[in-house]
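The values are calculated or read from the model by the stated rules, or taken from the named source; none is laboratory data. Note that this is a predicted model, so its numbers are computed, not measured. Neighbour counts are summed over all protein chains in view; Cβ atoms, including those assigned to glycine, are modelled from backbone coordinates with ideal geometry. Surface accessibility is based on the protein's heavy atoms, side chains included, excluding ligands, DNA and RNA. Shrake-Rupley method; radii C 1.70, N 1.55, O 1.52, S 1.80 Å.
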Amino acid sequence: MCKFSANLSTMFNEVPFIERFARASGAGFKGVEYLFPYSESVERLTELLQEYQLSQVLFNMPAGNWADGNRGFACLPGREKEFADGVYKALEYALPLKCKQIHAMAGKLDERFSLEQQKECFIANIQYAADIMVKFDINILIEPINIYDMPGYFLTRQEQAESLLKDINRKNVLIQLDLYHCQIMEGNLLQTIERMWGKFSHIQIASVPGRNEPDIGEINYFWLFNKLDEMGYQGWIGCEYYPTHCTETGLGWLVKAQS
């Protein structure tokens, strides 16, 4: 049976972030993920995970000033030190939280540099992060993001991510397969899952086109959940969607998926 983690950056927004752990646990989730933990103390987050018996499934490395439009900087020449500092900052949280997956955001393309320069920078930075994190049995994830939600992002398609994996050549670098982004950019979700088997370690879901609960929209997620079960998928499925109304009101899909 598939195991689901609640994304606390998008779900349970009816309450402050710190209160979302209790809400997620009460709704039946056993794991949580979110964009960034850094505004909270790692001690407090550790307490919350222990109190509500939750697994920390995933979070992102520091990605720069989000309000100013930064979306990571792994691909950006000249920001290598900032990226390296972010690796160690993420590690400060990952170890006590027992988190084994860290997403390194690529960043938006910078017209001052050629595409090849930014590709080479991305590869070198991800290799650096992987070589640090492998000592602690932590995976670095890279994620293609669709061109409509995040225009100008460096990494947009699964084929691009697969090619980069070959160039990076690190066993602890894997793909974060967000089926919402994949459906928008490519479709053919089952064929993509089959082709990429062994190259991804985390899946995320949301409806298309609205990015809401997975039981609405054009994707038949229940069919895909059954296929993933048949294929023996052992990873988490992250629920990175925006509830249509109150989060709990829309969780009928979770009951159905776990029945």
All but one of (1) of a type in the set (Gly, Ala, Ser); (2) at pLDDT 95 or above; (3) under 24 Å from residue 130 (Cα atoms); (4) in contact with a strand residue (DSSP E or B) (Cβ under 9 Å, 6 or more places away or on another chain) hold for residue 25, so report the exception by its number. (3)
Residues within region 36-78 that are part of a loop (DSSP other than H, G, I, E, B), in contact with a Gly (Cβ under 8 Å, 6 or more places away or on another chain) and under 21 Å from residue 4 (Cβ atoms), tallied: 1
Against the definition (more than 29 Å from residue 221 (Cβ to Cβ) and touching a residue at least 60 places away in the same chain (Cβ under 8 Å)), how does residue 129 come out, yes or no? yes
Take the conditions within 14 Å of the chain's Cα centre (by Cα), surrounded by fewer than 20 Cβ atoms within 10 Å (Cβ to Cβ), among the basic types (Lys, Arg) and at pLDDT 95 or above and apply them to residue 135. Does it pass? no
So, residue 209, is that one at negative phi, surrounded by fewer than 18 Cβ atoms within 10 Å (Cβ to Cβ), in a loop (DSSP other than H, G, I, E, B) and modelled with pLDDT of 95 or more or not? yes
If we keep just the residues of region 143-185 that are of a type in the set (A, V, I, L, M) and closer than 15 Å to residue 120 by Cα, which is most open to solvent (accessible area, probe 1.4 Å)? 165
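Restricting attention to region 228-247, which residues are open to solvent by 60 Å² or more (accessible area, probe 1.4 Å) and in contact (Cβ under 8 Å) with a residue 24 or more places away in the chain?
To start, the set of residues in region 228-247 that are open to solvent by 60 Å² or more (accessible area, probe 1.4 Å) comprises 229-231, 234, 242, 244-245.
Hits for region 228-247 are 229, 231, 242, 244.
Being at pLDDT below 95 and open to solvent by 70 Å² or more (accessible area, probe 1.4 Å) is the filter here; which residues of region 1-10 pass it? Outline the logic, then answer.
Our first condition is that a residue be at pLDDT below 95; within region 1-10, this holds for 1-2.
1 - this is the single residue of region 1-10 that is at pLDDT below 95 and open to solvent by 70 Å² or more (accessible area, probe 1.4 Å).
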Any chance region 11-20 includes a residue that's surrounded by 18 or more Cβ atoms within 10 Å (Cβ to Cβ) and within 30 Å of residue 84 (Cβ to Cβ)? no
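Can you pull out the residues in region 139-161 that are closer than 12 Å to residue 186 by Cβ and out of contact with any Lys or Arg (no Cβ under 6 Å at 6 or more places or on another chain)?
Correct list: 146, 147, 156, 157, 158, 159, 160, 161.
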Could you run through region 24-42 and say how many residues are surrounded by fewer than 19 Cβ atoms within 10 Å (Cβ to Cβ) and either closer than 21 Å to residue 90 by Cβ or touching a Ser or Thr at 6+ places or on another chain (Cβ under 8 Å) (or both)? 9
What residue, of 125, 146, is closer than 22 Å to residue 200 by Cβ, of a type in the set (S, T, N, Q) and part of a loop (DSSP other than H, G, I, E, B)? 146
Taking region 51-87 as the region of interest, how many residues are of a type outside the set (A, V, I, L, M) and either within 28 Å of residue 24 (Cβ to Cβ) or open to solvent by less than 20 Å² (accessible area, probe 1.4 Å) (or both)? 18
What residue, among those in region 1-33 that are in a strand (DSSP E or B) and in contact (Cβ under 8 Å) with a residue 60 or more places away in the chain, is nearest to residue 49 (Cα to Cα)? 31
When you scan region 106-124, do you find a residue that is open to solvent by 10 Å² or more (accessible area, probe 1.4 Å) and on the phi > 0 side of the Ramachandran plot, even just one? no
